[in-house]
2 protein chains.
Amino acid sequence: MIHQSEKKAVVLLSGGIDSATTLAVAKSQGYRVLAVSFNYGQRHLLELDAAAKTARDLEAENHIVIHVDLKKIGGSALTGSMDIPKHDRVDDIENSDDIPVTYVPARNTIFLSYGLALAEVHCCEAIFIGVTAVDYSGYPDCRMEYITAFEKMAQLATRAGVSDKIHLKIKTPLIHLSKGEIIQKGVSLGVNYALTLSCYDPDPKGRSCGRCDSCLHRRKGFAQAKVADPTIYIE
Amino acid sequence: MIHQSEKKAVVLLSGGIDSATTLAVAKSQGYRVLAVSFNYGQRHLLELDAAAKTARDLEAENHIVIHVDLKKIGGSALTGSMDIPKHDRVDDIENSDDIPVTYVPARNTIFLSYGLALAEVHCCEAIFIGVTAVDYSGYPDCRMEYITAFEKMAQLATRAGVSDKIHLKIKTPLIHLSKGEIIQKGVSLGVNYALTLSCYDPDPKGRSCGRCDSCLHRRKGFAQAKVADPTIYIE
């Protein structure tokens, strides 16, 4: 039974550091959590295992995996046949204004739209998403003005938008945090980062490549946070 | 080869009257059309056949069918186990302020989000959607204020939203038309409505029930338009 008086939130959970921390923040704010992950034909399906372990460890009430057909859309190294770029130094990704080839067109919009549908059906008053405008890798759909516009649209999109019963909020607790600050916050909330996976190109055993954009951000984040990095890197 | 200088649009195509007419309008405005339909576990999968026939007949350049996992979300008679309501008179649906049980939570938001992804990858400058605020069956995501909010969000969501290269438009050519006016417009543009399917609950041969909300709107529309209705109804 779902009662509308209980404080519930949808949390978008990818299996990485940011969304795990976001789930911990939602729990710390007293929300019952419906975690949702997306199987979108990403090369790194291992991240769905990481999401499931994290959802369990952080006591989400439910964890739903939704299949999203992004391969038919194409246009990204994460879902297509392009190579994942590798780097020797983190500066290589930080001194570029380009949007990287790992950008998946409209991904956050599609994910948040499913989140919106779940929020409506399960009477949730918030959707949490772990975007950050600091280390956001140049993705357009990680900016605050985008999130604000999505929230406004979402408030008009549903039954609640007609009846004015619920003002759905899109919550971005990490938006102003660096990767180091995110990790510090997560550690303080009991997140076990050994369960998470950031790598765009892990080996079949789940070991991280150590050299993709996402691995570089992860490594730098643990160094910044002065927290031991539990990740097993190939190099 | 896709050239950005060519005028292209995504058209959301369901297989019914409104989206077929919308496709015809897009073509009449000089757009090359990428039609997209959604397989969302709807009971009336026959509408996807209708969409394919309509796309071919109206010379869309491509027709993509995307599988959308709405069953995991639930909350609607169209995707779940609820009964499709039947009526004896069209007044039954017109004198109600309630949002009907056939409403699918956040459906247009999810569909437009996929449309947005396709528009970005294929360099389209518009997404056409056949919503109408006149006979809109009480769905919140068929209102103009919702569409405007989605457009604003969409313009911030993509690479183009960062580079300011393309101002994506959400086009709703039917929004102020009644069903009768839509059919008159479609007939003038050469739409073959015999290829379309409106019924929420057709029999296995594709014959329309004649008594669901959607059949009632269709029947009334042909009567209003003073156009012979090519539909085969069971009753």
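Readers should treat all values here as calculations from the given coordinates under stated rules, not as data from a laboratory. Owing to the predicted nature of the structure, the values given are computational and were not obtained by experimental measurement. Every residue, glycine among them, receives a Cβ derived from its backbone with ideal geometry; neighbour counts consider all protein chains shown.
Lysines near B:K7 by alpha-carbon distance under 21 Å, same-chain residues fewer than 8 away left out - which ones?
Partners within reach: B:K27, B:K152, B:K165, B:K169, B:K171.
Can you pull out the trypsin sites (Lys or Arg not before Pro) in the stretch B:169-230 whose DSSP state is coil and whose Cβ has at most 11 other Cβ atoms within 10 Å?
Passing both the DSSP loop test and the Cβ count: B:K205, B:K226.
Decide, for the stretch A:159-235, between rounded, prolate and oblate: order the square roots of the alpha carbon gyration tensor eigenvalues as a ≥ b ≥ c, take rounded if a/c falls under 1.5, and otherwise choose prolate if a/b is larger than b/c, else oblate. Provide the component values of the computation, followed by the final result.
Values: a/c = 2.87, a/b = 1.97, b/c = 1.46.
The shape class here is prolate.
Which of B:Y146, B:Y31 comes first, and how do the rest follow, when ranked by fewest Cβ neighbours within 10 Å?
Numbers: B:Y146 27, B:Y31 23.
Least to most surrounded, the residues fall as B:Y31, B:Y146.
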